[in-house]
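Mind having a look at this structure? Questions to follow.
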Amino acid sequence: MTIQLNINGKTEIFEIEAGDMLVDVLRDGGHTEVKKGCDTGSCGVCTVLMDGAPILSCACLAAKADGREITTIRGLEEEAEEFARFLAAEGADQCGFCAPGFAVTVIAMKRELVSPTDEDIKHYLAGNLCRCSGYEGQLRAIKKYLEASNA
Amino acid sequence: MEIAKFIRPRAIDEAFIAVRDQKGFPIGGGGWSRMNSRKIPLAVDLSGLGLRFIRRKGETIEIGAMSTARDIETSDDLRESFGPFFSSTVAHIVGVQLKNMVTLGGTVAGRYGFSDLNTSLLALGARVVLYQDGIYDFETFLNNRKNGPFLLEKVILPADTCRASFQSVRNTRNDFPILNAAASFQSNEWRIAVGARPGAARLAVRAAEMLGGISVPESDLIEHAAEAAANELVFGDDLRADADYRRAVCRTLVSRAVQEAGK
């Protein structure tokens, strides 16, 4: 079947099998900035925005995304680079494998929540696992990033 | 999941015919697609039917089948009527990403034993609307597996003044529950539901009757009712816990749920 996705503002056409998952279609289509981690909907590495809302592309049928707007980390480059500076400053970016999905979720949270508390942040990001367990540094980086954004 | 053909109908009639006459498999959020090895000749995506809504209608609140867990978590209408009951119910679904995918319809229609949401809906006396079929009490729907294909349209909740509490225990914060329980006091009546037994949620009818119409029960009465709930419900074994452990946990969760709802 044929599907049409608007990826980072550009329309792309894909020929897919009806059971293909979005992460595979994106990566096979050259969007390797979307990472594949657990592939079971548990780790958050594959997070993309679908119509502005964060979802797990490894748990989403590509056919369900037909006609939708998909935003990968590449489509959020400016905000992601800014956030990455705060991650680096807190020593929170270790192996970096979780970073693309993590940054997408943080940016979605920044857009969705007004003045989130520590608990709000932890709750929102519960679906993003860091195998280096750098959660405390990530939390500091997020708080400083949000403070700087609101200044 | 192996899917031979995928369609996204634009009208509920069209979707219903595909499900009923062509044995189509309804797709809600589709979150289980990767983990499921079923072969599906026809997948029917319900996301084009306008079933994503949470709205107040008279003395009820209607939740469309395609409403997501995140919609339920953040709904002002649900918070106004039930306080933090629903946000605490869906809090353990792993992360905002999955909450944006999980649908009410998928959870309800699947009658999943591990579901937190189904336990809370049962405690509130929800009704389910099956398209071109009828309105069923959620308890009846959960207890009697319906023969033949059906299409869930929405869930209806009584929205009059209600106090409710959801409780659960799990190995880690975002794991499936070992056991969950919900209690509500509405229209001078208690309802107590227990889920993840590990089977689907069931009402503890005798326990609720013991509490009668007492809005704020005494501690002793709560403990007796919790004991009754543990004795009247059936528990089983799975990889998370055995039946005896679940029965012991049931007393504590029911007691906590009634105490919190009674505040």
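Return the only residue of B:E223, B:E260, B:E218 being in contact with a strand residue (DSSP E or B) (Cβ under 8 Å, 6 or more places away or on another chain), surrounded by fewer than 24 Cβ atoms within 10 Å (Cβ to Cβ) and farther than 27 Å from B:A109 by Cα.
Result: B:E260 is the single residue among B:E223, B:E260, B:E218 that is in contact with a strand residue (DSSP E or B) (Cβ under 8 Å, 6 or more places away or on another chain), surrounded by fewer than 24 Cβ atoms within 10 Å (Cβ to Cβ) and farther than 27 Å from B:A109 by Cα.
Identify the single condition in (1) of a type outside the set (G, A, S); (2) at pLDDT 95 or above; (3) within 30 Å of B:N171 (Cβ to Cβ) that B:I61 does not satisfy, given that it satisfies every other one.
Every listed condition holds for B:I61 apart from (3).
Please give the number of the condition B:T89 fails out of (1) more than 10 Å from every other protein chain (Cβ to nearest Cβ); (2) buried (at least 22 other Cβ atoms within 10 Å of the Cβ); (3) within 19 Å of B:E153 (Cβ to Cβ).
Status for B:T89: all satisfied but (3).
Now, a different point. Please give the number of the condition A:E147 fails out of (1) away from every other protein chain (no Cβ under 13 Å); (2) in contact (Cβ under 8 Å) with a residue 12 or more places away in the chain.
Result: A:E147 passes all but (2).
Taking the conditions exactly as written (under 27 Å from A:A126 (Cβ atoms) and either aliphatic (A, V, I, L, M) or within 14 Å of chain A (Cβ to nearest Cβ) (or both)), does B:I3 satisfy them or not?
No: the conditions fail for B:I3.
Could you check how many residues of region B:100-123 are of a type in the set (S, T, N, Q), over 19 Å from B:S168 (Cα atoms) and touching a residue at least 40 places away in the same chain (Cβ under 8 Å)?
Kept after step one, since they are of a type in the set (S, T, N, Q), are these residues of region B:100-123: B:100, B:103, B:107, B:115, B:118-120.
Going one step further and asking which of them are over 19 Å from B:S168 (Cα atoms), we end up with B:100, B:103.
The next check asks that each one be touching a residue at least 40 places away in the same chain (Cβ under 8 Å); those that pass are B:103.
Number satisfying all stated conditions: 1.
Tell me yes or no: at least one residue of region B:10-24 is under 20 Å from the mean Cα position of the chain (by Cα), within 12 Å of another protein chain (Cβ to nearest Cβ) and either in a helix (DSSP H, G or I) or not aliphatic (A, V, I, L, M) (or both).
no
Now a separate question. I need the full set of residues from region A:23-49 which are crowded, with 20+ Cβ neighbours inside 10 Å, at negative phi and at the interface with another protein chain (Cβ under 10 Å from one of its Cβ atoms), in order please.
A:V23, A:C43, A:C46, A:T47, A:V48, A:L49
Continuing with the same structure: Among the residues of region B:57-76, is any assigned to a helix (DSSP H, G or I) and in contact with a Cys (Cβ under 9 Å, 6 or more places away or on another chain)? Quick ask: steps written out before the conclusion?
Taking region B:57-76 as the starting set, the residues that turn out to be assigned to a helix (DSSP H, G or I) are B:69-74, B:76.
With in contact with a Cys (Cβ under 9 Å, 6 or more places away or on another chain) added as a condition, the list becomes none.
No, that holds for no residue.
Got a sec? Which of B:A200, B:A196, B:A204 is more than 30 Å from B:V19 (Cα to Cα) and among the hydrophobic types (A, V, I, L, M, F, W, C)?
B:A204
If B:M66 meets every condition in (1) surrounded by fewer than 16 Cβ atoms within 10 Å (Cβ to Cβ); (2) in contact with a strand residue (DSSP E or B) (Cβ under 7 Å, 6 or more places away or on another chain); (3) among the aliphatic types (A, V, I, L, M) apart from one, which number is that one?
Evaluating B:M66 over (1) surrounded by fewer than 16 Cβ atoms within 10 Å (Cβ to Cβ); (2) in contact with a strand residue (DSSP E or B) (Cβ under 7 Å, 6 or more places away or on another chain); (3) among the aliphatic types (A, V, I, L, M) leaves (1) as the failure.
Let me ask you something else. What do you reckon, is B:F166 at pLDDT 95 or above, in contact with a strand residue (DSSP E or B) (Cβ under 7 Å, 6 or more places away or on another chain) and of a type in the set (F, W, Y)?
yes
Only one of B:I40, B:I54 is more than 14 Å from chain A (Cβ to nearest Cβ), of a type in the set (A, V, I, L, M) and out of contact with any Lys or Arg (no Cβ under 7 Å at 6 or more places or on another chain). Can you tell me which?
Sole residue among the options that is more than 14 Å from chain A (Cβ to nearest Cβ), of a type in the set (A, V, I, L, M) and out of contact with any Lys or Arg (no Cβ under 7 Å at 6 or more places or on another chain): B:I54.
Further question on the same structure: Hey, does region A:98-120 have a residue that's away from chain B (no Cβ under 14 Å), under 13 Å from the mean Cα position of the chain (by Cα) and over 19 Å from B:A69 (Cβ atoms)?
yes
The values are calculated or read from the model by the stated rules, or taken from the named source; none is laboratory data. Worth saying up front: this structure is predicted, and the values here are computed from it rather than measured. Here Cβ is always computed from backbone atoms with ideal geometry, including for glycine, and neighbour counts include all displayed protein chains.
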